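Notes for the one structure printed next.
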Amino acid sequence: MQITLPDGSHRQLPDGATGRDLALDISAGLARAALAVEVTEDGRQPEVRDLDRPLPDGATVAILTFDSEGGKQAFWHSSAHLMAEALEALYPGVQFGIGPAIEGGFYYDVDLSATGKDRLTDEDLPAIEAKMKELARGDSAFERREVSKADAIAYFEEKGDPYKLELIRDLEDGTITFYQQGGFVDLCRGPHIPSTKPIKAVKLTSLAGAYWRGDESRPQLTRIYGVTFPKQKLLDEHLERLELARQRDHRKLGKEMDLFMFSDKVGPGLPIWLPKGAVLRETLADFLKTEQVARGYEPVVTPHIARLDLFRTSGHYPYYADSQFPPMLEDELGPPLPEGEDPESRTHHTPGDPERRERGYLLKPMNCPHHTQIYARRPHSYRDLPVRLAEFGTVYRYEQSGELGGLTRVRGFTQDDAHVFCTPDQVKDEFKAAIDLTMTVLRALNYEDYTAQVSLRDPANTEKYIGEPAQWDAAEQAIREAAAEMGLETVEEEGEAAFYGPKLDFMVKDALGRSWQLGTVQLDYNLPERFDLTYIDENDDRVRPVMIHRAPFGSLERFIGVTIEHTGGDFPLWLAPVQARILPITDAQNEYAQSVAQTLRQSGLRVEVDTRSEKVGRKIREAELDKVPAQIVIGAKEAEAGTASVRRRGAGEDGQTIDTGAFLVEDLARNLKAEVDRGMGRA
RNA sequence: GCCUCCUUAGCUCAGCGGUAGAGCACUUCCAUGGUAAGGAAGGGGUCCCCGGUUCAAGUCCGGGAGGAGGCUCCA
């Protein structure tokens, strides 16, 4: 038989040869490192398979080692099985859910209720790790076996594992495989590595509760997360990388750099912006406001609350009542309370009952309902459109307590929101313009590593969306076309749409690799309908406008949180809360330093003066740690000559130039100001 | 909301039944030093909150609040 390698070369092997045979044919070293193979048969998707399965004639085959993604996945998946084997040895009777490989490791969901062990804690993990290493040294092969559905069911009924049985019942007969290593048998599609032996370094990282099949109404299993490596050194490096990521965590940097805080008394998920953090917000907002003026947006300002009726019309209330702060009720117009019900309970959540027409106010969860009222204040001609209303609007959402985190998930946040009201003909151009604005924003902050996601309806769950299916189809198609015409590569995600329409989301990753939605452009045919918005077209007919919701940052909170991590706190000059710090060498230069600071401030720069009686070395060190981009050293020479020496942050590392030289103070001010303007795209 | 973990000085953390500790920060004094930490002295704590066990509780037990990582949900 003939096998093609990824480089295009061919190998002749005897019929029935396996991946291992192929690896051996190439080199003994590769055979030792080989974990699995990736097989591509004519015209099919590549498939990762066990090393010891016979190869199909004529296929293209890549040998996978731990260096490849597929190799890692097989390695970690096998590690999950190894952990399961260890758990079964330590806790007989343990029942298993699913145990997949994930990005950066693996987990297994287990139910310990039948073992007498009521719960697992961190202290139990080292024993499990030790057992895994012991079993791994036993060098048991992962053996694949095809079984009939009946046999599979019989096995797990005998074993008493209801979760596996449920999984098997959903599978088709004839496609079921078991894998066994040592005494442990698991239902598994594979692939696996040949044996447990390469699993040398093991770290179980955390415990979490996870509902069976992600369903809150089903039992909660214990999820054990772990990661393994073929060498201890790789594990050490992995842990070191995690530690470095933690150094970039915006919660840590935000505290160190004095950007924002939380207070128990103010409340969870309600960030408080400190002076330096407020500068970030305002600078970003100014940057966007300037862009928006150039793009035909008009600013508006609306209140933080509105009558419940506004949100009844918009559909936010009562359907999303449990993710909103409880309404402020004035009185109740509905039927009397049922016998025995505490009237107090009615002053909080009263979701879901449209007959009970409470009167009151709601903290706004979105700005759009308010904006519809601005549009609706007078009749519009098609000649007026598009109308683009922009507001940095602060909204409040009652996120579940377990969901809150730093600045990326909060309960009160400010959207750089705008709503474009346009004719159906204008939708595509307006949508494209919003994409362009979002990309401009991301470019200004040097974001390159983002993905654009088309968020679509969940076809299996259409009742949670408002509006007509035909409109949804049209809207989803319009988004695809606009993105394609903007040259944007997109991925499509079902079930991620807003309840009122599909959207295009810009996703970026944080320091820990979690993906967050920042910018978003959303298409909405529904609110115009609900609020009966119209314009008069060329034929003097009343026609529905289309609404586009868009927020290039998404929210200032999340955007800044992610940007802190993206930059590691090293903000570009235009964004840095303190752009320059003057460092007099001795107290004798303090006065001159103040005059330099004054000159720079008059150019609009944010400047501090470090007048402490410390050595320059100390002042420079601390300016570096505070991530001040321009450090301006002033000694007797500068004071004499009317100049200032500039040291840029990061200088001195790797033998770089330490200072960029002495400038006349006026020139320095002009240079820095020009750099700021360039950064904001206003050169 | 559920699971696991955490909460001690402004910050980072040690202490884990017997009168609260370190480094940094802060204050004062000395030193006036040219590109990443000069020296000395000093001040600073309801050990998250509420109960319980104990002669004695940051320390053990229960409950609560807040935070972290997951799960679920998501406008």
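Below, the figures for the structure above:
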quantity: Histogram of C-alpha separations across the stretch A:5-56, 5 Å bin width, %; calculated: 4, 20, 29, 31, 12, 2, 0
quantity: Euclidean distance of C-alpha centroids, the stretch A:626-646 and the stretch A:275-289, integer Å; calculated: 27 Å
quantity: Sum of side-chain charges, A:Gly19 neighbourhood, beta-carbon under 10 Å (Lys, Arg +1; Asp, Glu -1); calculated: -1
quantity: Shape category assigned to chain A from the gyration tensor of Cα positions, a/c cut at 1.5; calculated: oblate
quantity: Separation of the A:Arg618 and A:Val491 label points, Cα + 7 Å toward Cβ, nm; calculated: 5.1 nm
quantity: √(5λ) per eigenvalue of the Cα gyration tensor, the stretch A:125-204, largest first, Å; calculated: 27, 14, 10
quantity: Accessible area, probe 1.4 Å, largest first, for residues A:Ser217, A:Ser263; calculated: A:Ser217, A:Ser263
quantity: Inter-site label distance for A:Glu640 and A:Arg383 at 7 Å from Cα along Cβ, in nm; calculated: 7.3 nm
quantity: With all protein chains modelled, accessible area of A:His304 [1.4 Å, Å²]; calculated: 80 Å²
quantity: Other-chain or far-sequence residues with amide H under 5 Å of A:Ala36's (modelled H); calculated: A:Leu64
quantity: Under 13 Å, Cβ to Cβ, from A:Ala588 - net charge with Lys/Arg +1 and Asp/Glu -1; calculated: -3
quantity: Table column - 3J(HN,Hα) (Hz), the stretch A:247-263, Karplus curve with 6.51, -1.76, 1.60, x for Gly and Pro; calculated: 5, 8, 3, 5, 5, 6, 5, x, 6, 4, 8, 6, 8, 8, 8, 10, 9
quantity: Estimated FRET transfer efficiency when R0 is 35 angstrom, pair A:Arg542-A:Ser323 (beta carbons, to 0.05); calculated: 0.50
quantity: Average accessible surface area per residue within chain A, 1.4 Å rolling probe, Å²; calculated: 48 Å²
quantity: At R0 = 25 Å, FRET efficiency that the Cβ-Cβ distance of A:Ala294 and A:Ile374 yields, to 0.05; calculated: 0.70
quantity: CD proxy at 222 nm, helix term only [per DSSP H run n ≥ 4: -39500 (n - 2.57); per residue of chain A; nearest 500]; calculated: -10000 deg cm²/dmol
quantity: Between the stretch A:53-128 and the stretch A:382-423, the Cα center-to-center distance that results, in Å; calculated: 42 Å
quantity: Label point at A:Glu123 placed 7 Å out along Cα→Cβ; residues across the stretch A:193-222 whose backbone nitrogen lies under 20 Å; calculated: A:204-209, A:222
quantity: Gap separating the Cα centres of the stretch A:536-593 and the stretch A:195-237, nearest whole Å; calculated: 39 Å
quantity: Point-to-point label distance, A:Arg44-A:Gln477, nm (Cα→Cβ direction, 7 Å offset); calculated: 3.5 nm
quantity: DSSP beta bridge pairing in the stretch A:1-113, given as percent antiparallel to the nearest 5; calculated: 95 percent
quantity: Shape of the stretch A:53-95, Cα gyration tensor, a/c cut at 1.5; calculated: prolate
quantity: Those residues of the stretch A:420-454 whose amide nitrogen sits under 20 Å from the label point placed on A:Asp677, 7 Å along Cα→Cβ; calculated: A:444-445
quantity: Considering only the stretch A:580-679, percent of DSSP beta bridges that pair antiparallel, nearest 5; calculated: 45 percent
quantity: Most positive-pole-ward Cα, A:Phe66, A:Met257, A:Gly661, against dipole of chain A from beta carbon charges; calculated: A:Gly661
quantity: Scaled radius of gyration (Cα, divided by 2.2 N^0.38 Å) that the stretch A:70-243 gives; calculated: 1.00
quantity: Share of carbon and sulfur in the accessible heavy-atom surface of chain A [1.4 Å probe, %]; calculated: 48 percent
quantity: The stretch A:580-679 shape via C-alpha gyration tensor axes, a/c threshold 1.5; calculated: rounded
quantity: Rounded to the nearest 20 debye, dipole of chain A from Cβ charges on Lys, Arg, Asp, Glu; calculated: 2100 debye
quantity: Solvent accessible area, Å² - A:Met680, 1.4 Å probe, full protein context; calculated: 20 Å²
quantity: Amide H contacts of A:Ala59 (H built 1.01 Å from N, under 5 Å, at least 5 apart or other chain); calculated: A:Thr4
quantity: A:Arg307-A:Val266 FRET efficiency (beta carbon distance; Förster radius 30 Å; 0.05 resolution); calculated: 0.70
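The values are calculated or read from the model by the stated rules, or taken from the named source; none is laboratory data. What you are looking at is a predicted structure, and each value in this text was computed from that prediction instead of being measured. So basically every Cβ, Gly included, is an ideal-geometry build from the backbone, and we count neighbours across all protein chains shown. Accessible surface areas use protein heavy atoms only, side chains included; no ligands, DNA or RNA. Shrake-Rupley method; radii C 1.70, N 1.55, O 1.52, S 1.80 Å.
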